[in-house]
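Following: one structure in structure tokens, then a few remarks.
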Amino acid sequence: MVTRLYTHPIFLEHITPPGHPERPDRLRAIGRVLDDEAFAALDRAEAPEGDEATILYAHPQEFVERVRALMPDTGIARVDADTTASPKSWQAAVTAIGAANAAVDDVFRGDVANVFVAARPPGHHAEKTTSMGFCLFNTAAIAARYAQRQHQAERVAIVDWDVHHGNGTQDIFWDDPSVLYCSTHQMPLYPGTGAVSETGAGNIVNAPLAPQTGSEVFRDAFLSRILPALDNFAPDLIIISAGFDAHHRDPLAEINLTEDDFDWATGQLMQRAGRHSDNRLVSLLEGGYDLQGLAFSVAAHVGRLMKG
Ligand SMILES: [Zn+2]
């Protein structure tokens, strides 16, 4: 059983303004590191064209049309204070959704051991009716609902270790106990949500981390909060919102993780997927803005996924 990697050239054509941290070079850095001999056994697949109708699994039609209308014919259009769109952004976002949904298909069919999706734009800040924080649509949320509708998954867990709280994912599943949302994130930090007291229908587990903390506090949050919640929930599928901006090199936050921490957390989630989900685990790239920190972290993450 192999680990599959989905990516697509269209993800390089979502162009952001000069100096914007969420840039195509992120995927080029990931591509370079995964070209190493150590990853020769990866099953590399081109992301399929996404099905726009699945966006409606997490967002209302009116909102989808509003986003579509913002897409420019040339240049770069502003979507919110720090979110922009270029002419190919729509296609990139829909293909990212196609890749995530295909990854769900793959693990439910048992075709592969697990899947990493290297796509952009990211998704976890996109709320039901708001694109924000570099995100147009919430890819992880759509994939979770896709698993429920297309594969009869009853319970899906989304574990989000991006350094920013996934306010969008929390918003979408706030009153939906069929999806468990667990997040470690720096607090205070953008977008400002993610307090321990935000628990939704008892299905939201927020584990905020203080600035300048690192490995020990992060692993303790997993061991004391997130892994027990997963064991209690017993998901049919685990989706990772895999942002790597809690790496100590990252310029957008002040959490001091190393690639070893992402290796460790990946292993812990694989163990839970083995225990509860027949090993079904799909990992979706979210943030990560220092190219070296991102590349090393993805290498550790995917390397662990490949160990099965
Ligand atoms: Zn982030």
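The values are calculated or read from the model by the stated rules, or taken from the named source; none is laboratory data. Quick caveat, the model's predicted, so the values are computed rather than measured. As a convention, Cβ positions derive from the backbone with ideal geometry for all residues, glycine included, and neighbour counts pool all protein chains shown. Heads up: the accessible areas ignore ligands, DNA and RNA and are worked out on the full protein's heavy atoms, side chains in. Shrake-Rupley method; radii C 1.70, N 1.55, O 1.52, S 1.80 Å.
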Some residue of the stretch 102-114 being open to solvent by 10 Å² or more (accessible area, probe 1.4 Å), part of a loop (DSSP other than H, G, I, E, B) and touching a Pro at 6+ places or on another chain (Cβ under 9 Å): no
- request: Looking only at the stretch 261-274, decide whether some residue is touching a residue at least 40 places away in the same chain (Cβ under 8 Å), on the phi > 0 side of the Ramachandran plot and either touching a Leu at 6+ places or on another chain (Cβ under 8 Å) or not hydrophobic (A, V, I, L, M, F, W, C) (or both).
  value: no
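Test ILE55 against the criterion of being of a type in the set (A, V, I, L, M, F, W, C), under 28 Å from THR193 (Cβ atoms), surrounded by fewer than 18 Cβ atoms within 10 Å (Cβ to Cβ) and modelled with pLDDT of 95 or more, and give yes or no.
no
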field: Residue list for the stretch 177-193, restricted to those being of a type outside the set (Ser, Thr, Tyr), assigned to a loop (DSSP other than H, G, I, E, B) and either buried (at least 24 other Cβ atoms within 10 Å of the Cβ) or touching a Gly at 6+ places or on another chain (Cβ under 8 Å) (or both)
entry: PRO177, MET187, PRO191
message: Within the stretch 2-99, considering only strands (runs of 3 or more DSSP E) that don't extend past its boundaries, which have at least 3 residues that are in contact (Cβ under 8 Å) with a residue 24 or more places away in the chain?
response: 3-7, 43-46, 83-85
message: Given the condition within 16 Å of the ligand (Cβ to nearest atom), over 30 Å from ASP43 (Cα atoms) and assigned to a loop (DSSP other than H, G, I, E, B), answer yes or no: does some residue in the stretch 121-132 qualify?
response: yes
- request: Among what's in the stretch 102-112 and is in contact with a Lys or Arg (Cβ under 8 Å, 6 or more places away or on another chain), closer than 16 Å to LEU305 by Cβ and of a type in the set (A, V, I, L, M, F, W, C), pick the residue that is nearest to the ligand (Cβ to nearest atom).
  value: ALA103
- prompt: In the stretch 153-190, how many residues are under 11 Å from the mean Cα position of the chain (by Cα) and near the ligand (Cβ under 10 Å from one of its atoms)?
  reply: 4
task: Hey, could you check the stretch 140-152 for residues that are away from the ligand (no atom under 14 Å from the Cβ) and within 14 Å of the chain's Cα centre (by Cα) and say which is surrounded by the fewest Cβ atoms within 10 Å (Cβ to Cβ)?
output: ILE142
